[in-house]
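Structure first, then comments.
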Amino acid sequence: MNRNYRYIGCFFNRRSFFQAVAHLRKDPPSQQIRSPHVTFVYAPSEIDRSLFGRTIRVRITGYGNDGQNEGLRAELFSDDPAIAEMIARIEVPHITLAISADGKAVNTKYLEFRDVEPILLTGKFGGYTAQGRVIIRP
């Protein structure tokens, strides 16, 4: 296991991301996610850092909130074959927005998402370190 990264995925600029989705949110749980992202691989054993910083196109297609978890259903697109392959392996592409004090971000994929008018965003491929930092530079 690579102990330097907790997970790799598609990361967003926090401020612009939350501005873009603010109109969808209804009664969010108390703990907003600090680094909005779509997880590709949790606890990755291998990481190709040369892919860090590559642009990923994202279409938000759904919103869900059960009081424990609040999140978005997403579709992701990349012209890079290695990133596209990782995207294809994601069981339920989603972005956790917030969780309650006893909620777990991993459970966002189980939300019942209602369809929303699509929102187009871009993110960057990168990693989240064991120290809580987002790295998107190769």
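The values are calculated or read from the model by the stated rules, or taken from the named source; none is laboratory data. Fair warning: this is a prediction, and the values are worked out from it, not measured in the lab. When we count neighbours, we look across all protein chains shown, and the Cβ atoms used for this are built from the backbone with ideal geometry, even at glycine. Quick note on the areas: whole protein, heavy atoms, side chains included, nothing else; ligands and nucleic acids left out. Shrake-Rupley method; radii C 1.70, N 1.55, O 1.52, S 1.80 Å.
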(request) Within region 81-88, identify whether any single residue is farther than 22 Å from Val134 by Cα, open to solvent by 40 Å² or more (accessible area, probe 1.4 Å) and without any contact (Cβ under 8 Å) to a residue 40 or more places away in the chain, and answer yes or no. (result) yes
(request) Among the residues of region 11-31, count how many are within 23 Å of Gln68 (Cα to Cα), within 13 Å of the chain's Cα centre (by Cα) and open to solvent by 30 Å² or more (accessible area, probe 1.4 Å). (result) 1
(message) Restricting to region 35-74, name every residue that is of a type in the set (S, T, N, Q) and touching a Ser or Thr at 6+ places or on another chain (Cβ under 8 Å).
(response) Thr55, Gln68, Asn69
(message) Test of understanding: among Lys104, Lys26, Lys124, which residue is touching a residue at least 24 places away in the same chain (Cβ under 8 Å), within 15 Å of Tyr7 (Cα to Cα) and not polar (S, T, N, Q)?
(response) Lys124
(message) For region 43-80, give me each residue that is touching a residue at least 40 places away in the same chain (Cβ under 8 Å), crowded, with 20+ Cβ neighbours inside 10 Å and touching a Pro at 6+ places or on another chain (Cβ under 6 Å).
(response) Glu70, Leu76
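For every residue, the table says whether it meets (1) modelled with pLDDT of 95 or more; (2) on the phi > 0 side of the Ramachandran plot; (3) touching a helix residue (DSSP H, G or I) at 6+ places or on another chain (Cβ under 9 Å).
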{"site": "Ser16", "(1), (2), (3)": "yes, no, no"}
{"site": "Arg25", "(1), (2), (3)": "yes, no, yes"}
{"site": "Val41", "(1), (2), (3)": "yes, no, yes"}
{"site": "Ser45", "(1), (2), (3)": "no, no, no"}
{"site": "Leu76", "(1), (2), (3)": "yes, no, yes"}
{"site": "Asp79", "(1), (2), (3)": "yes, no, no"}
{"site": "Pro93", "(1), (2), (3)": "yes, no, yes"}
{"site": "Ser100", "(1), (2), (3)": "yes, no, no"}
(message) Being among the β-branched types (Val, Ile, Thr), within 14 Å of the chain's Cα centre (by Cα), crowded, with 18+ Cβ neighbours inside 10 Å and over 17 Å from Leu121 (Cβ atoms): is that true of Ile8 here?
(response) yes
